[in-house]
1. Is any residue of the stretch 103-135 close enough, with backbone N under 20 Å, to a label point placed 7 angstrom from the Cα of residue 59 along the Cα-Cβ axis, and if so, which?
2. Over the chain, what is the relative contact order in percent, taking alpha-carbon pairs closer than 8 angstrom and at least six residues apart?
3. Give the order of 342, 54 when sorted by the count of other beta carbons within 10 angstrom, beginning with the fewest.
4. Modelling each spin label as a point 7 Å along the Cα-to-Cβ direction, I'd like the residue 155/residue 246 distance in nm, to one decimal.
5. According to the Kirkwood expression over distinct Cα-Cα pairs, how big is the hydrodynamic radius of the stretch 121-308, in Å?
6. Explain nothing, just the number: relative contact order of the stretch 133-189, from Cα pairs under 8 Å at least 6 residues apart, as a whole percent.
7. Find the relative contact order for the stretch 2-60 and round it to a whole percent, using C-alpha pairs within less than 8 Å whose residues are 6+ positions apart.
8. Kindly express, to the nearest 10 degrees and within the range 0 to 90, the angle between helix 324-334's C-alpha long axis and the longest C-alpha principal axis of the chain.
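FYI, it's all coordinate maths here, none of it is from the lab. None of the values given here were measured: they were computed from a predicted structure. Ideal geometry is used to build each Cβ from the backbone, glycine not excepted, and the neighbour counts take in all protein chains shown.
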């Protein structure tokens with residue numbers, strides 16, 4: 001997968017930018033707060049349906065205007081493709097794929113694939129489990145678009161079920177209707193847990209090998225999945241449904257008392273371990289960065305195996321976060337793929353073969369080295 005053109009209109013501080021990317025390494029450089037990351041964000045937005053920095057559409061729209069437009073042209077196995085997203089101030093979006101309007105964000109999944117690595121990704125290790133679940137959801141949605149649908153439905157059912165649990169504490173007769181929501185919760189939740197189990201199992205294989213190579217065989221990375229239903233081993237989607245239903249019944253009284261659902265994929269967790277030591281609590285900053293790098297490169301290889309083509313790799317000012325050996329490793333891994341890199345200093349990139357350079361200043365993009 002190779003993106004050839006990106007057009008931005010009123011996107012953040014970009015009044016109008018028209019960028020023709022090269023097929024290999026693309027360097028977007030300039031001082032801080034000039035609009036470099038906004039370019040990567042727009043690509044990530046089109047691939048995943050969401051920004052990696054905000055949930056508010058209004059923040060994506062240039063100050064003083066009432067809409068933003070993102071338009072991409074890229075080549076995949078299916079040929080040349082176009083995509084367009086118009087972002088409105090009322091949180092609504094109008095999206096077209098190859099000039100055909102789509103009605104749901106889920107239809108966007110898998111159309112244009114990216115893997116993004118930014119300094120904020122360290123939160124994947126440091127922060128709470130919601131960050132790690134989000135990582136899973138985005139990764140799985142790009143290769144299994146129906147997963148995104150199940151996730152949306154699960155969230156809706158969960159909200160309604162939690163609302164009902166609170167109401168039951170006031171009006172106990174409503175408890176008879178709980179089984180209806182239990183059935184839907186189990187239906188969608190079991191699919192999410194099963195998809196996550198399969199994804200993590202395969203991703204961990206790629207990540208373990210990448211991490212082994214980065215650390216020259218000194219570290220072994222393990223990824224463990226702890227689903228929101230208590231289970232030592234997940235054997236099948238059918239087994240998940242059985243366990244899910246049993247645990248909902250078992251926790252019914254506690255859930256009514258607390259007014260919230262205590263079982264399900266919304267309570268999933270994953271854990272990263274290096275040489276039998278938990279990364280979150282005991283690994284150094286450098287080790288944590290290496291784990292995230294391993295995950296991102298593993299995600300890239302996973303998408304390649306599943307779809308038959310590499311995603312576009314987005315690196316947001318990440319080279320400054322890595323030491324020399326990890327920079328060299330990353331450089332070797334990306335040399336045959338399309339990658340878009342933001343940085344403030346281009347000195348380390350001037351010798352890249354077939355590299356394309358773009359200078360960004362106050363939301364204006366100029367091709368070349370200045």
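1. Counting backbone N atoms under 20 Å from the label point, the list is 116-135.
2. 27 percent
3. 54, 342
4. About 3.1 nm separates the two model spin labels.
5. This gives a value of 17.8 Å.
6. Reported as a whole number, the value is 38 percent.
7. Taking the mean separation of contacting Cα pairs over the length of the stretch 2-60, I get 25 percent.
8. Once rounded, the angle reads 90 degrees.
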